[in-house]
Amino acid sequence: MLKDPFKLEKIAAKTWCGPGEKLLWRIGPRWGHVAFDIAGRRGAPHQHDGGTRSSTVPEWPLPTEAVATGRYHGDEWVHDPSIWAYVHAPHPSAVAAGCADGLAAGQTDAWLVLSSQRLAVVVAASAIDEPAKKSGWLSRGKSEEEALRSLWEAPSAAIRHFGALQMGREVEPVWIGQVAFQDGSTVLIRMENEVAAESVVTAGNAIFGG
C-alpha cells in the first residue's frame, strides 16, 4: 500500500503527470465506505462496476442501518464514522458516479488527486491484481514498479467548484471537501480537520481562481 503522500507526489511526477502537468492536491488512503445518492437511489456502501480493483480487501464495519438503507435526512450521513465520502449524481453515467466507482474499486489503496489538468482516483501499480481490460481505466505508467495507475479520471474542465464546507447537525460541524461537476453531480469528502479543508480551497483556487 502506498501511504506516504510525498512518495506519491514523486511517483506521480515521474510516471503519471504529462508534460506541464503538476499535482496540486491529494487525499488518501482513507478508511471507510462511500455512500451514494445516484438516480434517486441511495445507501451505502457504493459497489463499483467490476473494473480494476485493488489487492487490499478491507474488513471495515458496515454503515449504520439508516445510512446503509438511505433512510436518513439531509446531511445526517456525516455522523456515521464508517462513511468517508458521499456521492450525489442525477444518473449513473454522471461524472461523480464514475469517481465513486474508482474509490470503491481502489478501497484502502485509493488516492483522490487533483492535478493542473485532471481529477483522478489513482493507486500504486503493485496494488492491482490484474490489468484492467477496459481502455479508459489505465493511466500511462512507465513501468509496473514505482508507477501509478488511474482507476478513474476526468478533465479539470468537468469541475464547476472545488472547495470546502461545514456539514452536520452537531455542535461541532464536520469539515467536508466538495467537488461539484458541471453535470450537476457532486463528490463530498470527509476532511480530518480545518487545515485539511483549507488545502482543498487552496488547490481549487490554483485552477479556478479565488
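The values are calculated or read from the model by the stated rules, or taken from the named source; none is laboratory data. Quick caveat: nothing in here was measured; it's all calculated off a predicted structure. Using ideal geometry, Cβ is built from the backbone for each residue, glycine included, and neighbour counts are taken over all protein chains shown. What goes into the accessible areas is simple: the full protein's heavy atoms, side chains included, and nothing from ligands, DNA or RNA. Shrake-Rupley method; radii C 1.70, N 1.55, O 1.52, S 1.80 Å.
Here are the numbers:
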| read-out | value |
| --- | --- |
| Among the residues listed as PHE36, PHE6, the single one being aromatic (Phe, Trp, Tyr), at pLDDT 90 or above and open to solvent by less than 50 Å² (accessible area, probe 1.4 Å) | PHE36 |
| Residues being open to solvent by 10 Å² or more (accessible area, probe 1.4 Å), among the hydrophobic types (A, V, I, L, M, F, W, C) and modelled with pLDDT under 95 - total across the range 76-102 | 1 |
| Given (1) modelled with pLDDT under 95; (2) open to solvent by less than 30 Å² (accessible area, probe 1.4 Å); (3) not small (Gly, Ala, Ser), index of the condition ASP49 fails | (2) |
| Tally, over the range 153-210, of residues that are touching a Leu at 6+ places or on another chain (Cβ under 6 Å), among the hydrophobic types (A, V, I, L, M, F, W, C) and buried (at least 16 other Cβ atoms within 10 Å of the Cβ) | 3 |
| Those residues of the range 189-198 which are within 20 Å of LEU103 (Cα to Cα) and of a type outside the set (Val, Ile, Thr), in sequence order | ARG190, MET191, GLU192, ALA196, ALA197 |
| Any chance TRP31 is open to solvent by 40 Å² or more (accessible area, probe 1.4 Å), among the aromatic types (Phe, Trp, Tyr) and at pLDDT below 95 | yes |
| Pairs, first of a type in the set (Asp, Glu) in the range 182-200, second open to solvent by less than 60 Å² (accessible area, probe 1.4 Å) and in a helix (DSSP H, G or I), C-beta under 9 Å, six or more apart | ASP183/VAL95; ASP183/ALA96; ASP183/ALA158 |
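Yes or no, residue by residue, for (1) farther than 18 Å from ARG118 by Cβ; (2) not β-branched (Val, Ile, Thr):
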site	(1), (2)
VAL171	yes, no
TRP175	yes, yes
VAL179	no, no
VAL187	no, no
ALA196	yes, yes
ASN205	no, yes
